[in-house]
Amino acid sequence: MYRASVILPVYNESATIERTLAEVISYAKLHPDFYFLFANDGSTDKTAGIITSTLNGEKNIALLNIEKNKGKANALKQAVMQLDSDYIVFADGDMAYSLDHVDLLLEALKNSDVAIGNRKMGENHPQKTERFVAGEAFNRLARLMLNLSFTDTQAGIKGFTKEAAKKLFGLSRITDFAFDAELLYIAKQKGYRISIIPAKVNKHHQFGPSTIKVVRDSPGMFISLLKMIFYRISGKYNE
Ligand SMILES: Nc1nc2c(ncn2[C@@H]2O[C@H](COP(=O)(O)OP(=O)(O)O)[C@@H](O)[C@H]2O)c(=O)[nH]1
Ligand SMILES: [Mg+2]
(Lines give C-alpha, C1' and ligand atoms only; values in the text may rest on other atoms or scores of the structure.)
(Ligands and ions follow the chains in the order given, each with its own letter.)
Protein backbone atom coordinates (compact mmCIF):
# COMPACT_ATOMS: atom_id res chain seq x y z
CA MET A 1 0.00 0.00 0.00
CA TYR A 2 1.18 3.51 -0.78
CA ARG A 3 1.88 6.03 1.96
CA ALA A 4 0.37 8.96 0.09
CA SER A 5 -1.72 9.49 -3.01
CA VAL A 6 -1.60 12.70 -5.00
CA ILE A 7 -4.64 13.47 -7.15
CA LEU A 8 -3.95 15.74 -10.12
CA PRO A 9 -7.21 17.07 -11.61
CA VAL A 10 -6.88 17.95 -15.30
CA TYR A 11 -9.31 19.46 -17.74
CA ASN A 12 -8.23 20.53 -21.21
CA GLU A 13 -4.62 20.85 -20.09
CA SER A 14 -2.94 19.84 -23.35
CA ALA A 15 -0.89 23.05 -23.25
CA THR A 16 0.63 22.17 -19.85
CA ILE A 17 0.29 18.39 -19.53
CA GLU A 18 3.67 17.45 -20.99
CA ARG A 19 5.52 19.64 -18.55
CA THR A 20 3.38 18.24 -15.70
CA LEU A 21 4.03 14.65 -16.77
CA ALA A 22 7.79 15.22 -16.86
CA GLU A 23 7.68 16.65 -13.35
CA VAL A 24 5.41 13.90 -11.98
CA ILE A 25 7.40 11.07 -13.59
CA SER A 26 10.70 12.22 -12.09
CA TYR A 27 9.13 12.93 -8.70
CA ALA A 28 7.37 9.54 -8.70
CA LYS A 29 10.69 7.78 -9.32
CA LEU A 30 12.19 9.44 -6.26
CA HIS A 31 9.07 8.67 -4.18
CA PRO A 32 8.12 5.04 -4.85
CA ASP A 33 5.86 5.13 -1.77
CA PHE A 34 3.69 7.82 -3.43
CA TYR A 35 0.89 7.14 -5.91
CA PHE A 36 -0.17 9.71 -8.51
CA LEU A 37 -3.62 9.73 -10.02
CA PHE A 38 -4.50 12.09 -12.85
CA ALA A 39 -8.24 12.77 -12.74
CA ASN A 40 -9.45 13.80 -16.18
CA ASP A 41 -13.13 14.36 -16.70
CA GLY A 42 -14.27 14.78 -20.22
CA SER A 43 -11.47 16.94 -21.60
CA THR A 44 -12.25 17.73 -25.22
CA ASP A 45 -8.60 18.14 -26.17
CA LYS A 46 -5.71 15.66 -26.18
CA THR A 47 -5.08 15.68 -22.39
CA ALA A 48 -6.08 12.05 -21.77
CA GLY A 49 -4.35 10.80 -24.93
CA ILE A 50 -1.08 12.52 -24.05
CA ILE A 51 -1.15 11.09 -20.50
CA THR A 52 -1.78 7.55 -21.74
CA SER A 53 0.88 7.68 -24.45
CA THR A 54 3.51 9.28 -22.20
CA LEU A 55 3.16 6.91 -19.25
CA ASN A 56 5.53 4.07 -19.73
CA GLY A 57 4.83 1.30 -17.24
CA GLU A 58 5.30 3.48 -14.13
CA LYS A 59 3.62 1.48 -11.38
CA ASN A 60 2.78 4.49 -9.22
CA ILE A 61 1.19 6.79 -11.81
CA ALA A 62 -2.29 6.23 -13.24
CA LEU A 63 -5.13 7.95 -15.02
CA LEU A 64 -8.73 8.04 -13.83
CA ASN A 65 -10.72 8.87 -16.93
CA ILE A 66 -14.24 10.11 -16.31
CA GLU A 67 -16.32 10.30 -19.49
CA LYS A 68 -18.51 13.29 -18.79
CA ASN A 69 -17.32 16.64 -17.46
CA LYS A 70 -18.81 17.38 -14.05
CA GLY A 71 -16.12 19.68 -12.67
CA LYS A 72 -12.99 19.52 -10.54
CA ALA A 73 -14.88 18.82 -7.28
CA ASN A 74 -16.57 15.74 -8.73
CA ALA A 75 -13.34 14.45 -10.29
CA LEU A 76 -11.56 14.77 -6.93
CA LYS A 77 -14.43 13.07 -5.11
CA GLN A 78 -14.39 10.08 -7.46
CA ALA A 79 -10.62 9.80 -7.10
CA VAL A 80 -10.74 10.02 -3.27
CA MET A 81 -13.39 7.29 -3.10
CA GLN A 82 -11.21 4.80 -4.93
CA LEU A 83 -7.91 5.54 -3.16
CA ASP A 84 -6.55 3.68 -0.18
CA SER A 85 -3.35 5.26 1.15
CA ASP A 86 -2.64 6.74 4.58
CA TYR A 87 -2.72 10.27 3.19
CA ILE A 88 -4.58 11.78 0.25
CA VAL A 89 -3.47 15.04 -1.33
CA PHE A 90 -4.75 17.01 -4.28
CA ALA A 91 -2.60 19.34 -6.33
CA ASP A 92 -3.66 21.31 -9.39
CA GLY A 93 -2.77 19.33 -12.50
CA ASP A 94 -1.40 22.41 -14.26
CA MET A 95 1.46 22.39 -11.72
CA ALA A 96 0.46 25.72 -10.25
CA TYR A 97 2.31 24.48 -7.15
CA SER A 98 5.52 22.49 -7.28
CA LEU A 99 5.37 18.96 -5.91
CA ASP A 100 7.65 20.03 -3.03
CA HIS A 101 4.43 21.28 -1.41
CA VAL A 102 3.33 17.66 -1.02
CA ASP A 103 6.20 16.96 1.40
CA LEU A 104 5.21 20.01 3.45
CA LEU A 105 1.57 18.87 3.58
CA LEU A 106 2.57 15.38 4.74
CA GLU A 107 4.81 16.83 7.43
CA ALA A 108 1.89 18.97 8.64
CA LEU A 109 -0.44 15.96 8.58
CA LYS A 110 1.63 14.26 11.27
CA ASN A 111 -0.17 16.55 13.71
CA SER A 112 -3.40 17.35 11.91
CA ASP A 113 -6.23 15.82 9.90
CA VAL A 114 -6.30 18.40 7.14
CA ALA A 115 -3.47 20.57 5.77
CA ILE A 116 -4.04 23.40 3.31
CA GLY A 117 -1.84 25.66 1.22
CA ASN A 118 -2.12 29.41 1.75
CA ARG A 119 -0.91 31.73 -1.01
CA LYS A 120 -0.81 34.72 1.33
CA MET A 121 1.95 33.03 3.33
CA GLY A 122 4.05 32.19 0.30
CA GLU A 123 6.24 34.57 -1.59
CA ASN A 124 4.00 35.21 -4.56
CA HIS A 125 4.06 37.30 -7.69
CA PRO A 126 1.06 39.52 -8.35
CA GLN A 127 -1.94 37.90 -10.05
CA LYS A 128 -4.16 39.28 -12.76
CA THR A 129 -6.11 42.09 -11.09
CA GLU A 130 -9.50 40.64 -11.95
CA ARG A 131 -8.62 37.25 -10.46
CA PHE A 132 -7.12 38.84 -7.38
CA VAL A 133 -10.18 40.99 -6.65
CA ALA A 134 -12.60 38.13 -7.27
CA GLY A 135 -10.53 35.73 -5.18
CA GLU A 136 -10.26 38.18 -2.33
CA ALA A 137 -13.99 38.99 -2.44
CA PHE A 138 -14.93 35.31 -2.38
CA ASN A 139 -12.53 34.60 0.44
CA ARG A 140 -13.86 37.43 2.59
CA LEU A 141 -17.43 36.42 1.93
CA ALA A 142 -16.67 32.78 2.72
CA ARG A 143 -14.97 33.83 5.95
CA LEU A 144 -17.90 35.97 6.97
CA MET A 145 -20.74 33.67 5.95
CA LEU A 146 -19.16 30.39 7.07
CA ASN A 147 -17.35 31.84 10.07
CA LEU A 148 -13.99 30.53 8.89
CA SER A 149 -10.69 32.12 9.81
CA PHE A 150 -8.58 31.05 6.83
CA THR A 151 -7.15 33.88 4.72
CA ASP A 152 -6.99 31.59 1.67
CA THR A 153 -9.57 28.83 1.30
CA GLN A 154 -9.03 28.33 -2.43
CA ALA A 155 -5.43 27.20 -3.07
CA GLY A 156 -5.37 24.07 -5.20
CA ILE A 157 -3.04 22.21 -2.87
CA LYS A 158 -4.60 20.42 0.10
CA GLY A 159 -3.97 17.21 2.01
CA PHE A 160 -5.92 14.92 4.31
CA THR A 161 -5.54 11.80 6.34
CA LYS A 162 -7.38 8.99 4.60
CA GLU A 163 -10.15 9.07 7.18
CA ALA A 164 -10.66 12.84 6.85
CA ALA A 165 -10.59 12.73 3.04
CA LYS A 166 -13.21 9.98 2.83
CA LYS A 167 -15.43 11.68 5.38
CA LEU A 168 -15.20 15.20 3.91
CA PHE A 169 -15.55 14.25 0.25
CA GLY A 170 -18.30 11.79 1.20
CA LEU A 171 -20.34 14.57 2.82
CA SER A 172 -19.49 17.32 0.31
CA ARG A 173 -22.27 18.51 -2.00
CA ILE A 174 -20.93 21.62 -3.69
CA THR A 175 -19.80 21.01 -7.27
CA ASP A 176 -18.45 24.42 -8.32
CA PHE A 177 -15.20 26.15 -7.31
CA ALA A 178 -16.64 26.93 -3.85
CA PHE A 179 -16.07 23.25 -2.95
CA ASP A 180 -12.76 24.02 -1.19
CA ALA A 181 -14.57 26.26 1.29
CA GLU A 182 -17.16 23.52 1.87
CA LEU A 183 -14.46 20.98 2.74
CA LEU A 184 -13.09 23.39 5.35
CA TYR A 185 -16.57 24.24 6.62
CA ILE A 186 -17.36 20.56 7.23
CA ALA A 187 -13.88 19.90 8.64
CA LYS A 188 -14.40 22.63 11.21
CA GLN A 189 -17.77 21.20 12.23
CA LYS A 190 -16.20 17.77 12.65
CA GLY A 191 -13.54 19.27 14.92
CA TYR A 192 -10.72 18.25 12.59
CA ARG A 193 -7.32 19.76 13.23
CA ILE A 194 -6.45 21.94 10.25
CA SER A 195 -2.93 23.17 9.59
CA ILE A 196 -1.67 25.63 7.03
CA ILE A 197 1.46 25.61 4.88
CA PRO A 198 2.77 28.45 2.68
CA ALA A 199 1.89 27.93 -0.98
CA LYS A 200 4.05 29.40 -3.69
CA VAL A 201 2.48 29.67 -7.11
CA ASN A 202 4.82 28.76 -9.97
CA LYS A 203 5.88 31.72 -12.04
CA HIS A 204 4.73 30.16 -15.30
CA HIS A 205 1.23 29.71 -13.86
CA GLN A 206 0.69 33.19 -12.50
CA PHE A 207 -0.65 34.74 -15.69
CA GLY A 208 -1.61 31.49 -17.38
CA PRO A 209 -5.13 30.55 -18.50
CA SER A 210 -7.82 29.54 -16.04
CA THR A 211 -11.03 27.54 -16.28
CA ILE A 212 -12.58 29.97 -13.78
CA LYS A 213 -14.41 32.87 -15.37
CA VAL A 214 -15.04 35.58 -12.81
CA VAL A 215 -18.26 37.04 -14.23
CA ARG A 216 -19.70 33.64 -15.10
CA ASP A 217 -18.70 31.81 -11.90
CA SER A 218 -18.99 34.36 -9.07
CA PRO A 219 -22.81 34.44 -8.65
CA GLY A 220 -22.91 30.63 -8.52
CA MET A 221 -20.16 30.55 -5.93
CA PHE A 222 -22.10 32.99 -3.77
CA ILE A 223 -25.17 30.77 -4.03
CA SER A 224 -22.98 27.81 -3.08
CA LEU A 225 -22.05 29.59 0.17
CA LEU A 226 -25.77 30.02 0.94
CA LYS A 227 -26.36 26.36 0.15
CA MET A 228 -23.65 25.33 2.62
CA ILE A 229 -25.38 27.20 5.42
CA PHE A 230 -28.66 25.57 4.46
CA TYR A 231 -27.05 22.12 4.35
CA ARG A 232 -25.55 22.63 7.78
CA ILE A 233 -28.83 23.82 9.32
CA SER A 234 -30.72 20.93 7.79
CA GLY A 235 -28.22 18.44 9.21
CA LYS A 236 -26.77 17.27 5.89
CA TYR A 237 -23.25 17.38 7.29
CA ASN A 238 -24.11 15.44 10.43
CA GLU A 239 -23.56 11.90 9.23
N1 LIG B 1 -10.96 16.93 -13.78
C2 LIG B 1 -11.21 18.23 -13.86
N3 LIG B 1 -10.24 19.11 -13.58
C4 LIG B 1 -10.53 20.42 -13.69
C5 LIG B 1 -11.80 20.92 -14.08
N6 LIG B 1 -11.75 22.28 -14.09
C7 LIG B 1 -10.49 22.60 -13.72
N8 LIG B 1 -9.75 21.49 -13.49
C9 LIG B 1 -8.33 21.41 -13.12
O10 LIG B 1 -8.20 21.97 -11.84
C11 LIG B 1 -6.99 22.72 -11.74
C12 LIG B 1 -7.31 24.16 -11.34
O13 LIG B 1 -8.04 24.79 -12.37
P14 LIG B 1 -7.54 26.13 -13.04
O15 LIG B 1 -8.45 26.44 -14.16
O16 LIG B 1 -6.08 26.05 -13.35
O17 LIG B 1 -7.82 27.15 -11.84
P18 LIG B 1 -6.93 28.35 -11.36
O19 LIG B 1 -5.50 27.95 -11.43
O20 LIG B 1 -7.40 28.60 -9.96
O21 LIG B 1 -7.25 29.45 -12.29
C22 LIG B 1 -6.31 22.60 -13.12
O23 LIG B 1 -5.35 21.56 -13.04
C24 LIG B 1 -7.44 22.22 -14.04
O25 LIG B 1 -7.03 21.43 -15.14
C26 LIG B 1 -12.81 19.95 -14.39
O27 LIG B 1 -13.94 20.27 -14.74
N28 LIG B 1 -12.46 18.64 -14.25
MG1 LIG C 1 -4.42 26.88 -12.74
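The values are calculated or read from the model by the stated rules, or taken from the named source; none is laboratory data. Please read all numbers here as calculations on a predicted model, not as lab measurements. Virtual Cβ from ideal backbone geometry, glycine too; neighbours counted across all protein chains shown. Areas reflect the complete protein model, heavy atoms only, side chains present, ligands, DNA and RNA absent. Shrake-Rupley method; radii C 1.70, N 1.55, O 1.52, S 1.80 Å.
Of note:
- All lysines inside 23 Å of residue 59 as judged from Cα atoms, apart from same-chain residues fewer than 8 positions distant: 29, 46, 77, 162
- Reachable lysines, given that their alpha-carbon falls under 19 Å from the alpha-carbon of residue 200 and they are not under 8 places away in the same chain: 120, 128, 158
- Within a Gaussian network of the chain (alpha carbon springs, distance under 10 Å), most fluctuating of 157, 186, 50: 50
- Between 93, 49, 159, the residue with the greatest mean-square fluctuation in the GNM of the chain (Cα pairs under 10 Å linked by springs) is 49.
- Rounded to 5, percent antiparallel among DSSP beta bridges of the chain: 30
- In terms of its Cα atoms, the chain spans 49, 38, 36 Å along the principal axes, sorted from long to short.
- Degrees, to the nearest 10: 179-189 long Cα axis against longest axis of the chain: 60
- Cα centroid separation, the stretch 100-151 to the stretch 172-188: 13 Å.
- Descending by average beta-carbon neighbour count within 10 Å, the peptides 172-178, 28-34 line up as 172-178, 28-34, the highest first.
- The stretch 150-202 has equivalent-ellipsoid semi-axes of 18, 14, 10 Å, by the square roots of 5 times the alpha carbon gyration tensor eigenvalues, sorted largest first.
- Note on the chain: GNM, Cα springs under 10 Å; of 192, 35, 87, the largest mean-square fluctuation is that of 192.
- FRET efficiency for residue 45 and residue 166, using Cβ-Cβ distance with R0 set to 25 Å, rounded to 0.05: 0.20
- With a cut-off of 11 Å between beta carbons, the residues surrounding residue 231 carry a summed charge of +3, where Lys and Arg count +1 and Asp and Glu -1.
- Radius 14 Å from Cβ of residue 170, net charge of other residues (Lys, Arg +1; Asp, Glu -1): +4
- Simple label model, 7 Å out from Cα along Cβ direction - residue 207 to residue 69, nm: 2.6
- Cut-off 10 Å between beta-carbons: net charge of the residues surrounding residue 20, Lys and Arg +1, Asp and Glu -1: -4
- Extension gain for the segment residue 128 to residue 144, taken as residue separation times 0.36 nm less the Cα-Cα distance, is 3.3 nm to one decimal.
- Per residue, in Å², the accessible surface of the stretch 110-239 once ligands and nucleic acids are set aside, probe 1.4 Å: 51
- If R0 is taken as 22 Å, the Cβ-Cβ distance between residue 223 and residue 82 corresponds to a FRET efficiency of 0.15.
- Residue ranking by accessible heavy-atom surface, 1.4 Å probe, largest first, among 128, 77 comes out as 128, 77.
- Percent accessible area from carbon and sulfur atoms, the chain, protein chains only, probe 1.4 Å: 55
- Global form of the stretch 86-202, assessed from the alpha-carbon gyration tensor, a/c cut-off 1.5: oblate
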